[in-house]
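First the structure, in the form of structure tokens, and then the observations on it.
The values are calculated or read from the model by the stated rules, or taken from the named source; none is laboratory data. This is a predicted model, so every value here is computed, not measured. Cβ: placed from backbone, ideal geometry, glycine included. Neighbour counts: every protein chain shown. Each accessible area value is taken on the protein alone, full model and side chains, heavy atoms only, with ligands, DNA and RNA left out. Shrake-Rupley method; radii C 1.70, N 1.55, O 1.52, S 1.80 Å.
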Amino acid sequence: APSFVADKPEDADVKGVADHVDHLTSVMGAAHVGIGSDFDGIGSVPHGLEDVSKYPALIAELFSRGWSARDLAGLTGGNLLRVLEGAERVAAQMQREGVPPASEIYAKRPDLPMPKWEL
């Protein structure tokens, strides 16, 4: 979203996106930042990042700023895979321990409305 990376959306570019990624990393650490590729339904994009084929420009910009190969691998999918693997481990552990799925716990809460998918 160009408005996230530049004061004027028309000024948003790869360097601005890299600045944004650098800022997020300084706040939460490189192990907690990732980029996505859902370009469907958006009205504008930063110059130089018109689609995923332009991601190498962003990766090159971050590399030139001192990002390590490991951090770049995390940014481009490794961090997401690590989180999903952790969720799978927790799900397996909960199954072994007989802990019901969250939706079963949710349905027993009288203080919360029933989700539409349960009706």
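So, restricting to helices (runs of 4 or more DSSP H) that lie completely within the stretch 42-119, which ones have at least 3 residues that are touching a helix residue (DSSP H, G or I) at 6+ places or on another chain (Cβ under 6 Å)?
55-64
I'd like to know if the stretch 83-98 contains one or more residues that are open to solvent by less than 80 Å² (accessible area, probe 1.4 Å), modelled with pLDDT of 95 or more and not basic (Lys, Arg).
yes
Taking the stretch 61-78 as the region of interest, how many residues are closer than 16 Å to HIS20 by Cβ and either under 16 Å from the mean Cα position of the chain (by Cα) or open to solvent by less than 60 Å² (accessible area, probe 1.4 Å) (or both)?
Number satisfying all stated conditions: 7.
With the requirement that a residue be within 19 Å of ALA60 (Cβ to Cβ) and either over 15 Å from the mean Cα position of the chain (by Cα) or exposed (fewer than 10 other Cβ atoms within 10 Å of the Cβ) (or both), what does the stretch 3-35 give you?
Within the stretch 3-35, VAL5, ALA12, ASP13, VAL14, LYS15, GLY16, ASP19 meet the criteria.
Would you be able to say whether some residue in the stretch 12-31 is outside any helix (DSSP H, G or I) and under 12 Å from LEU75 (Cα atoms)?
The answer is yes; a qualifying residue exists.
Just one of (1) farther than 20 Å from LEU80 by Cα; (2) outside any helix (DSSP H, G or I); (3) not charged (D, E, K, R) trips up PHE4, so point out which.
Single failed check for PHE4: (2).
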